[in-house]
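The values are calculated or read from the model by the stated rules, or taken from the named source; none is laboratory data. Bear in mind the structure is a predicted one, so any value in this text is a computation, not a measurement. A quick note on method: Cβ atoms are made from the backbone with ideal geometry, for glycine too, and the neighbour counts reach across all protein chains shown.
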């Protein structure tokens, strides 16, 4: 079986609230350009659309995006709308709100609770939908997320949002959110070579609560300051050679091996990489290989 014939179904399935998704999905951030948050060279439009359509052809039914994923001439949400609408019934689009960029691409102040409706409505408009499947509140150094999450819970009650999640949070923030409304996922930084006791704890708590843990920057080295390293450890390379795959695929496989509730959303702007990322969901690491990789993650794993 080649990468081109492996589908996302091989990664298994997890349910976001009442929405079943394959555990390997697609992150949309890289669709719009070459630089972190895409202030660099805009992407080729046809190439980005090809990435989306190829991913769905190979069974991806979970796409992560945001209205603030855009370059001078590309918007991730608009690309998704163009490539995939009318949307398949089983396609789950997850977005996030809180951070804000103006029309020039400059970052503004984090959204106030009363501004989140506008963020939600902008995602609805760009995606061409009447409701959003999952909305994550992306925390930006707020000490408490209760007011922000409460505002989103009101939009959920109004029918604009189906399910809620949180991102960039610590255990106390998750506890705050759970007192307000159900949480179906936590999206935090998490990578093989970036150990963090807080995020290991969040991984554990998500498993206990039956919610998805969705790492970002698990693979992409140049996607941001907190990304996983571009340089792969010799252990990762050795295991990759043993499986006849690339190091990035081993990183994805390790991520999925952290628990049945873990979802992977690797991003790419290259149609040739889509099949490779999805095929990583079929890799089965041995106990010895997992032990060697876990040693790289550190004592908090």
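Among the conditions (1) at pLDDT 95 or above; (2) within 19 Å of residue 262 (Cβ to Cβ); (3) touching a helix residue (DSSP H, G or I) at 6+ places or on another chain (Cβ under 9 Å); (4) surrounded by fewer than 18 Cβ atoms within 10 Å (Cβ to Cβ), residue 198 misses just one, which is (1). The single condition from (1) modelled with pLDDT under 95; (2) in contact with a helix residue (DSSP H, G or I) (Cβ under 7 Å, 6 or more places away or on another chain) that residue 56 fails is (1).
Taking the numbered list (1) surrounded by fewer than 16 Cβ atoms within 10 Å (Cβ to Cβ); (2) under 23 Å from residue 69 (Cα atoms); (3) modelled with pLDDT of 95 or more in turn, residue 263 passes all entries but (1).
Of all the residues that make up segment 257-284, how many are out of contact with any strand residue (DSSP E or B) (no Cβ under 8 Å at 6 or more places or on another chain) and either assigned to a helix (DSSP H, G or I) or closer than 17 Å to residue 193 by Cα (or both)? Count: 8.
With respect to being modelled with pLDDT under 95 and either in contact with a strand residue (DSSP E or B) (Cβ under 8 Å, 6 or more places away or on another chain) or surrounded by 14 or more Cβ atoms within 10 Å (Cβ to Cβ) (or both), residue 227 fits the description. Cβ separations smaller than 6 Å between residues 6+ apart or across chains give the following pairs from segment 1-26 residues that are on the phi < 0 side of the Ramachandran plot and without any contact (Cβ under 8 Å) to a residue 60 or more places away in the chain to residues that are assigned to a loop (DSSP other than H, G, I, E, B) and buried (at least 17 other Cβ atoms within 10 Å of the Cβ): 9/59. Kindly provide the set of residues from segment 155-192 that are part of a loop (DSSP other than H, G, I, E, B), modelled with pLDDT of 95 or more and either in contact with a helix residue (DSSP H, G or I) (Cβ under 6 Å, 6 or more places away or on another chain) or over 14 Å from residue 209 (Cα atoms) (or both), ordered by number. Selection gives 158, 159, 160, 168, 169, 170, 180, 181, 183, 188. Of the residues making up segment 246-255, just one is touching a strand residue (DSSP E or B) at 6+ places or on another chain (Cβ under 7 Å) and either over 16 Å from residue 6 (Cα atoms) or part of a loop (DSSP other than H, G, I, E, B) (or both), namely 255.
Among the residues making up segment 274-296, those that are under 18 Å from residue 215 (Cβ atoms) and free of Cβ contacts under 8 Å to residues at least 60 places away in the same chain are 283, 285, 290, 294. Across segment 193-221, which residue is nearest to residue 291 (Cα to Cα) among those that are without any contact (Cβ under 8 Å) to a residue 40 or more places away in the chain and not in a helix (DSSP H, G or I)? Ranking the candidates gives 194 first.
When segment 152-186 is filtered for residues that are surrounded by fewer than 23 Cβ atoms within 10 Å (Cβ to Cβ), closer than 17 Å to residue 114 by Cα and in contact (Cβ under 8 Å) with a residue 40 or more places away in the chain, only 160 remains.
One residue stands out among those in segment 285-301 that are modelled with pLDDT of 90 or more and assigned to a loop (DSSP other than H, G, I, E, B): the one that is surrounded by the most Cβ atoms within 10 Å (Cβ to Cβ), which is 285. Of all residues in segment 120-154, those being part of a helix (DSSP H, G or I), farther than 30 Å from residue 88 by Cα and either in contact with a strand residue (DSSP E or B) (Cβ under 7 Å, 6 or more places away or on another chain) or modelled with pLDDT under 95 (or both) number 1.
Flag: residue 189 does not match the condition of being surrounded by fewer than 22 Cβ atoms within 10 Å (Cβ to Cβ) and more than 14 Å from the chain's Cα centre (by Cα).
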